[in-house]
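Undergrad: One structure coming up, written as structure tokens, with questions to follow.
Just so you know, all these numbers are worked out from the coordinates, no wet-lab data involved. Bear in mind the structure is a predicted one, so any value in this text is a computation, not a measurement. Note: ideal-geometry Cβ built from the backbone for every residue, glycine included; neighbour counts use all protein chains shown.
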Amino acid sequence: MAEGRGSAVVAMALLCLLVVALECEAATYIVGDERGWTFGVSGWENGKRFMAGDVLVFNYLQGAHNVAVVNKADYDGCNTSPTNAKMYTSGKDEIKLEKGLNNFICTIPTHCNFGMKIQILAS
């Protein structure tokens, strides 16, 4: 009888570990959903809960757009010549979110001003 109880405790512990592991798995989001990274995408992030380690996928026509990871000032001002920005240009960029505020813009002139920018707060 004691042997059966020990097995049940071990099974329960393993089940709890599995649940925790599944909850810790990073999510992947396609920015703009089926529209992709394009004009007017600003606001796509509203209502979603992001965690550090989640991955954003930016899909766009290579050469027509880009993605720059910028600071808040460059985001707010739509700075198309940001310093120290990490640039992506593949058309299928995968970017892992860091804890805190993550700012993304397209640096092609006028694109950011037409809504090609998102700001993500990751827990």
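Undergrad: Tally time: how many residues in the range 30-52 are in contact with a strand residue (DSSP E or B) (Cβ under 7 Å, 6 or more places away or on another chain) and farther than 24 Å from residue 99 by Cβ?
TA: Matching residues across the range 30-52 total 1.
Undergrad: Residues that are hydroxyl-bearing (Ser, Thr, Tyr), free of Cβ contacts under 8 Å to residues at least 60 places away in the same chain, surrounded by fewer than 12 Cβ atoms within 10 Å (Cβ to Cβ) and assigned to a loop (DSSP other than H, G, I, E, B): does the range 93-116 have at least one?
TA: yes
Undergrad: Filter the range 22-69 down to residues that are of a type in the set (Ser, Thr, Tyr) and not in a loop (DSSP other than H, G, I, E, B) and give me whichever is nearest to residue 81 (Cα to Cα).
TA: Among them, the one singled out is 29.
Undergrad: Please work out which residue is surrounded by the fewest Cβ atoms within 10 Å (Cβ to Cβ), limiting yourself to the range 67-86 and to residues that are under 18 Å from the mean Cα position of the chain (by Cα) and touching a residue at least 24 places away in the same chain (Cβ under 8 Å).
TA: Looking at the filtered set, the residue picked out is 72.
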